[in-house]
Amino acid sequence: MGISRANGALALIQDVIRSEKLVVVGLKMAELGNQSLRKDVLGVQVPAKAFFAAMGILHTSLDINGKDGSLPVDLRLPITQPELLECFDIVTNFGTIQEIERQHTAWQNVHRLAKVGGLMLHLVPQAGSWKGKFPLGFGEEFFPALAQCCSYDLLKFDRCESDPESKLFAAVLRKKSREFPAEAEFFSKVRIDGLAAQ
């Protein structure tokens, strides 16, 4: 999906930095996927890593492809590298998590990357939107249920769209504890459209 003005990802990051009064230089950010900044931001498409690094952000991207300086991490498997666990101020998911087949593990990985008090920024496809593009979608109840299930603070939850056929949910969550629910509990409380029983 990438980071653009049109899909709201760039505005979401800027709003969080402003509202949380975050110091950008030295901020530790983990990004799911090696995202790119779309042309509508700078006039050319560039790896997001270069953009954030130029701002002084300590940026780590995680993508099985290992491209654009990303760490070759398979997000279908639990992240266990100690240098990645609970150390990021911000974890971003802009169009990656809905493509990961093991959803409990994917959401748990986001949780594991964020430090307690850290923020998790998500941009995900609304269920019934993006016809034929993504196998999974998320309903309006997903993020409130996720926040309750995982004891997160839900700081922001909005609808946005790139165009009438490409509708998204944007959410910002704050991690409050190290605990993450087991798979059975997780799926008893949250629903993901298009997901076969895991």
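Data table
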| item | result |
| --- | --- |
| Filter pass, residue 110 being outside any helix (DSSP H, G or I) and either closer than 26 Å to residue 77 by Cβ or open to solvent by less than 10 Å² (accessible area, probe 1.4 Å) (or both) | no |
| Test result for residue 34, part of a loop (DSSP other than H, G, I, E, B), polar (S, T, N, Q) and either closer than 27 Å to residue 136 by Cα or modelled with pLDDT under 95 (or both) | yes |
| Single match in 56, 66 (criterion: farther than 29 Å from residue 186 by Cα, modelled with pLDDT under 95 and small (Gly, Ala, Ser)) | 66 |
| Those residues of segment 9-27 which are open to solvent by 70 Å² or more (accessible area, probe 1.4 Å), not in a helix (DSSP H, G or I) and not aliphatic (A, V, I, L, M), in sequence order | 21 |
| Count of segment 84-107 residues which are within 12 Å of the chain's Cα centre (by Cα) and open to solvent by less than 10 Å² (accessible area, probe 1.4 Å) | 10 |
| Per-region count, segment 137-147, residues without any contact (Cβ under 8 Å) to a residue 40 or more places away in the chain and part of a strand (DSSP E or B) | 0 |
| Filtered residue count, segment 36-83, keeping only those that are of a type in the set (S, T, N, Q) and over 16 Å from the mean Cα position of the chain (by Cα) | 4 |
| Candidate set: segment 37-69, residues that are part of a loop (DSSP other than H, G, I, E, B) and not aliphatic (A, V, I, L, M); chosen: the one surrounded by the fewest Cβ atoms within 10 Å (Cβ to Cβ) | 43 |
| Segment 140-185, residues that are aromatic (Phe, Trp, Tyr) and under 18 Å from residue 124 (Cα atoms) | 142, 143, 152, 157, 169 |
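Here is a yes/no grid of residues against (1) at pLDDT 90 or above; (2) farther than 19 Å from residue 104 by Cβ; (3) in a helix (DSSP H, G or I):
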residue: 129; (1), (2), (3): no, yes, no
residue: 135; (1), (2), (3): no, no, no
residue: 149; (1), (2), (3): yes, no, yes
residue: 154; (1), (2), (3): yes, yes, no
residue: 170; (1), (2), (3): yes, yes, no
residue: 188; (1), (2), (3): yes, no, yes
residue: 191; (1), (2), (3): yes, no, no
residue: 195; (1), (2), (3): no, no, no
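The values are calculated or read from the model by the stated rules, or taken from the named source; none is laboratory data. Small disclaimer: the values here were computed from a predicted structure and weren't measured. FYI the Cβ positions are ideal-geometry reconstructions off the backbone, even for glycines, and counts take in every protein chain you see. Accessible surface is based on the protein model in full, side chains and every heavy atom, while ligands, DNA and RNA are left aside. Shrake-Rupley method; radii C 1.70, N 1.55, O 1.52, S 1.80 Å.
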